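Some notes on the structure that comes next.
The values are calculated or read from the model by the stated rules, or taken from the named source; none is laboratory data. Note that the structure is a prediction, hence the values are computed from the model and not measured. Counting neighbours? That spans all protein chains shown, and the Cβs are built from the backbone with ideal geometry, glycine included.
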Amino acid sequence: KQEVTQIPAALSVPEGENLVLNCSFTDSAIYNLQWFRQDPGKGLTSLLLIQSSQREQTSGRLNASLDKSSGRSTLYIAASQPGDSATYLCAVGGSNYKLTFGKGTLLTVNP
Amino acid sequence: GAGVSQTPSNKVTEKGKYVELRCDPISGHTALYWYRQSLGQGPEFLIYFQGTGAADDSGLPNDRFFAVRPEGSVSTLKIQRTERGDSAVYLCASSLERSFTDTQYFGPGTRLTVL
C-alpha cells in the first residue's frame, strides 16, 4: 500500500526566504506526482504535476523535482510571500488513477 | 463558473440520518473522483467514475456509502445511517479524461458534521 510522508508538518519563515518542502513515498511505481495548495476552508488548487518520466516542473516561483527511484519529491518556493501561506499537499498517482496524499505541510510566511 | 462546484457547502445531521452530497464537475470532464478529508489529514480516495460507471470504488469504507453519476456529469454521494465518524470534508474532483497527464481539479468540498 502506497504511503506518502511530508516533512516538515509545519514551517514558519520570514518573507523573502527561499524554502523547500519535502515529500517521500514508499512505492516507486507511480505514474505522476502532484503538488497542491489548500487554503483554510477551501478546496485544493493544483500547483504542479510531474509525470513519472520527468525530473522537474517549474511554474513562476515554484519548482518541483521528482526522484522516482528514491521515492522523493521536493517543492522549492523562491522569494516567499505572505500570500504563500497555506497547507501544501503532495499526492502520488498510481496505476488506478487515484491519488494518494500526504498529510501536508502548513506554511506560514511572516511579513 | 468554470470550476467544480459542490453542494451543500456545510451539512449538519444527526446520527442515523441519510445524507446526499452533490458534485457538479467541470463541463466536458469525463472522470470524476470523490475523496474524504478528516481534520489534520490529507484527502483519502473514495471512488471514481469514468463516464457513468464507477471504475473503482475500493475506497468506500463500507456499504453505507454509495455514489452515482447517472448521466455522466453530476454525481451524488449518498451516506446511509450516518455515524459520528463520518464527519469530514468530502471533496469532489474532475479531470478531462482518465489519464496520467491530466490534472485533477477539486471543488471547495462539503463539510459534513454528524451529531
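In the range B:83-97, which residues are buried (at least 18 other Cβ atoms within 10 Å of the Cβ) and either within 14 Å of chain A (Cβ to nearest Cβ) or under 18 Å from A:ALA91 (Cα atoms) (or both)?
B:ALA88, B:VAL89, B:TYR90, B:LEU91, B:CYS92, B:ALA93, B:SER94, B:SER95
With the condition kept exactly as written, say whether any residue in the range B:71-91 is hydrophobic (A, V, I, L, M, F, W, C), more than 22 Å from A:GLY43 (Cβ to Cβ) and part of a strand (DSSP E or B). Explain how you work it out, then say what you get.
Of all residues in the range B:71-91, those hydrophobic (A, V, I, L, M, F, W, C) come to B:74, B:77, B:79, B:88-89, B:91.
Among the residues that remain, those that are also more than 22 Å from A:GLY43 (Cβ to Cβ) are: none.
No; the residues of the range B:71-91 include none that is hydrophobic (A, V, I, L, M, F, W, C), more than 22 Å from A:GLY43 (Cβ to Cβ) and part of a strand (DSSP E or B).
Take the range A:30-61 and flag every residue that is more than 10 Å from every other protein chain (Cβ to nearest Cβ), over 10 Å from the mean Cα position of the chain (by Cα), part of a strand (DSSP E or B) and touching a residue at least 12 places away in the same chain (Cβ under 8 Å).
Scanning the range A:30-61 gives A:ILE50, A:SER59.
Out of A:ALA91, A:ALA29, A:ALA86, A:ALA64, report the one residue that is farther than 26 Å from B:VAL89 by Cα, of a type outside the set (D, E, K, R) and modelled with pLDDT of 95 or more. Steps first, answer last, please.
Values: A:ALA91 fails: farther than 26 Å from B:VAL89 by Cα; A:ALA29 fails: modelled with pLDDT of 95 or more; A:ALA86 fails: farther than 26 Å from B:VAL89 by Cα.
On inspection, the qualifying residue turns out to be A:ALA64.
Hey, does the range A:68-82 have a residue that's at pLDDT 95 or above, exposed (fewer than 14 other Cβ atoms within 10 Å of the Cβ), assigned to a strand (DSSP E or B) and away from chain B (no Cβ under 12 Å)?
no
Which one is modelled with the lowest pLDDT, of the residues in the range B:59-82 that are charged (D, E, K, R) and loosely packed, with under 14 Cβ neighbours inside 10 Å? Full working, then the answer.
So in the range B:59-82, the residues charged (D, E, K, R) come out as B:63-64, B:69, B:71, B:78, B:81.
Still in the running and loosely packed, with under 14 Cβ neighbours inside 10 Å: B:63, B:71, B:78, B:81.
Working: B:ASP63: 95, B:GLU71: 91, B:LYS78: 97, B:ARG81: 97.
This residue is B:GLU71.
Here are some conditions: (1) touching a helix residue (DSSP H, G or I) at 6+ places or on another chain (Cβ under 7 Å); (2) within 11 Å of chain B (Cβ to nearest Cβ). A:SER95 meets all but one. Which one does it not meet?
Of everything listed in (1) touching a helix residue (DSSP H, G or I) at 6+ places or on another chain (Cβ under 7 Å); (2) within 11 Å of chain B (Cβ to nearest Cβ), A:SER95 misses just condition (1).
Would you be able to tell me the number of residues in the range B:10-37 that are surrounded by fewer than 16 Cβ atoms within 10 Å (Cβ to Cβ) and modelled with pLDDT of 95 or more? Before the answer, list the steps.
Filtering the range B:10-37 down to residues surrounded by fewer than 16 Cβ atoms within 10 Å (Cβ to Cβ) leaves B:10, B:12, B:14-18, B:20, B:22, B:27-28.
Filter once more, keeping what is modelled with pLDDT of 95 or more: B:10, B:12, B:14-18, B:20, B:22.
Qualifying residue count, the range B:10-37: 9.
If you check A:LEU99 against the conditions, is it modelled with pLDDT under 95 and aliphatic (A, V, I, L, M)?
Working: modelled with pLDDT under 95: yes; aliphatic (A, V, I, L, M): yes.
So A:LEU99 passes the test.
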